[in-house]
1. Quick one: residue 482 ticks every box in (1) surrounded by fewer than 20 Cβ atoms within 10 Å (Cβ to Cβ); (2) touching a residue at least 40 places away in the same chain (Cβ under 8 Å); (3) over 17 Å from residue 417 (Cβ atoms) bar one, so which box is it?
2. Scan segment 244-299 residue by residue and report those that are in a helix (DSSP H, G or I) and at positive phi.
3. Filter segment 288-300 down to the residues that are surrounded by 20 or more Cβ atoms within 10 Å (Cβ to Cβ) and either at pLDDT 95 or above or away from the ligand (no atom under 16 Å from the Cβ) (or both) and list them by number.
4. Can you pull out every residue in segment 430-479 that is in contact (Cβ under 8 Å) with a residue 60 or more places away in the chain, crowded, with 16+ Cβ neighbours inside 10 Å and outside any helix (DSSP H, G or I)?
5. Identify all residues within segment 391-409 that are at pLDDT below 90 and in a helix (DSSP H, G or I); write none if there are none.
6. Show the residue pairs that are 6+ apart or on different chains and have beta-carbon atoms under 6 Å apart, the first residue being within segment 319-338 and within 17 Å of residue 412 (Cβ to Cβ), the second being assigned to a helix (DSSP H, G or I) and within 10 Å of the ligand (Cβ to nearest atom).
7. So, in segment 390-405, exactly how many residues are away from the ligand (no atom under 16 Å from the Cβ) and either crowded, with 18+ Cβ neighbours inside 10 Å or within 28 Å of residue 151 (Cα to Cα) (or both)?
8. Identify, please: which residue in segment 86-118 is free of Cβ contacts under 8 Å to residues at least 24 places away in the same chain and within 30 Å of residue 437 (Cα to Cα) and is, among those, surrounded by the most Cβ atoms within 10 Å (Cβ to Cβ)?
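The values are calculated or read from the model by the stated rules, or taken from the named source; none is laboratory data. What you are looking at is a predicted structure, and each value in this text was computed from that prediction instead of being measured. Glycine also receives a Cβ, built like all others from the backbone with ideal geometry; neighbour counts cover every protein chain displayed.
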Ligand code: PFF
């Protein structure tokens with residue numbers, strides 16, 4: 001039978017693909033804004049702590065789970081756990097939901113490449129007007145979504161090594177070079193230093209007048225944890241799937257460290273590329289600092305387009321470079337999400353002794369994602385009259401039901417992701433035991449110190465931190481009710497902790 005599963009051509013190819021999955025829209029608009037708003041350097045320290053004690057551990061565990069079982073998430077969880085068999089479904093449903101809006105945002109990048117290209121030869125469009133044109137035109141929104149999905153289809157259908165790996169081998173170095181060009185341009189704008197202060201100086205976001213009040217440390221923990229998980233592509237099956245294609249001789253601890261380091265570095269660099277430019281442009285054009293949009297889609301598509309608009313003759317060129325960079329980041333992440341879904345069906349067929357064509361599977365996956373994404377695209381971030389709130393006749397609550405994008409984001413990133421990661425840690429730490437991961441990691445011969453570190457983190461630190469992140473995400477999406485959400489998270493953790501530990505005794 002033809003091997004449709006595939007494998008990486010080389011360790012560096014795997015690394016670039018995994019870094020490609022991690023480096024995405026989350027790095028470019030999520031990290032720098034959240035860092036500035038949530039305490040600057042303090043946020044960075046919390047983020048780094050979480051990346052080492054939680055992100056690195058889960059990264060290692062996911063890669064090990066994939067490589068040990070050589071299966072996509074649903075089958076991988078079924079192979080190792082009696083009590084948490086169903087967890088794999090969570091790790092497949094969330095990438096599906098993420099793709100329904102990630103693809104729409106990827107489409108937006110294509111639109112901005114086109115308008116900046118046109119701008120080089122004619123007038124450079126201003127941010128707000130081009131954004132409104134795009135999101136309120138259903139044909140444009142759908143057209144660019146389809147274009148994005150077609151690109152991703154061809155890459156994933158090309159296979160693990162000759163599609164995904166090949167794209168990242170060219171895309172990742174290209175992204176890095178373009179990022180450096182944009183950083184140089186951004187930092188040479190007058191007043192760029194104000195943006196650097198916003199990002200790095202503790203409390204400057206409040207002092208400088210960008211926001212009214214700073215969040216407390218517990219809220220920072222929730223924000224940083226949520227950001228870290230999304231940014232590292234954890235708890236969504238992506239690293240399990242990518243790990244399942246990895247050779248036994250590769251060192252999982254070292255690879256995990258490189259992925260976490262590279263993703264964090266790119267997030268910081270992306271911040272230095274976009275925030276100083278956005279802040280400088282706002283100040284130079286007399287916009288009050290608290291009115292400069294520094295987060296979400298508006299940062300990328302309104303604020304930054306204005307930066308290019310105001311740059312004069314070369315604005316279009318920088319615009320094209322910047323939006324190609326963002327498009328590469330979006331594609332390299334989207335294809336990992338699509339691979340999670342495709343791998344499941346390819347493995348399922350192999351299990352039943354059938355051969356399926358990868359192309360056919362990827363086609364079906366692409367069509368189903370596109371079908372739901374059409375709703376998100378046509379909704380235009382809630383501007384076209386059929387947001388979830390309007391359809392269900394409830395009040396619009398920002399970040400949860402004000403548009404379909406937020407609605408799907410809330411379920412996937414807000415609930416399933418932290419819940420999935422918390423339960424995965426409980427499963428590994430208390431049901432099946434850390435030894436399974438350590439045995440798999442042992443091919444790279446980790447030190448005794450790492451084994452102890454891994455065991456302690458997966459048993460205690462990760463579950464507790466994830467309970468905070470789960471509460472933090474729910475507070476962020478639904479607002480208010482802080483104490484209630486902390487209690488809910490703690491109860492869920494306690495119930496599953498006992499459930500997993502009992503499972504261990506029975507085994
Ligand atoms: N890590 C990506 C980002 O930062 O934008 C998003 C993502 C990709 C999340 C793949 C999850 C995933 F499985």
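1. It fails just one condition, (2).
2. Restricting attention to segment 244-299, the residues satisfying the condition of being in a helix (DSSP H, G or I) are 252-284, 289-291, 296-299.
Scanning segment 244-299 gives a single hit, 296.
3. Residues of segment 288-300 that are surrounded by 20 or more Cβ atoms within 10 Å (Cβ to Cβ), as a first pass: 292-294, 299-300.
Result: 292, 293, 294.
4. Of everything in segment 430-479, those that are in contact (Cβ under 8 Å) with a residue 60 or more places away in the chain, crowded, with 16+ Cβ neighbours inside 10 Å and outside any helix (DSSP H, G or I) turn out to be 433, 446.
5. Of the residues in segment 391-409, the ones at pLDDT below 90 are 391-402.
Hits for segment 391-409 are 391, 392.
6. Correct list of pairs: 330/25; 333/21; 334/102; 336/21; 336/238; 337/95; 337/98; 337/99.
7. 5
8. Looking at the filtered set, the residue picked out is 89.
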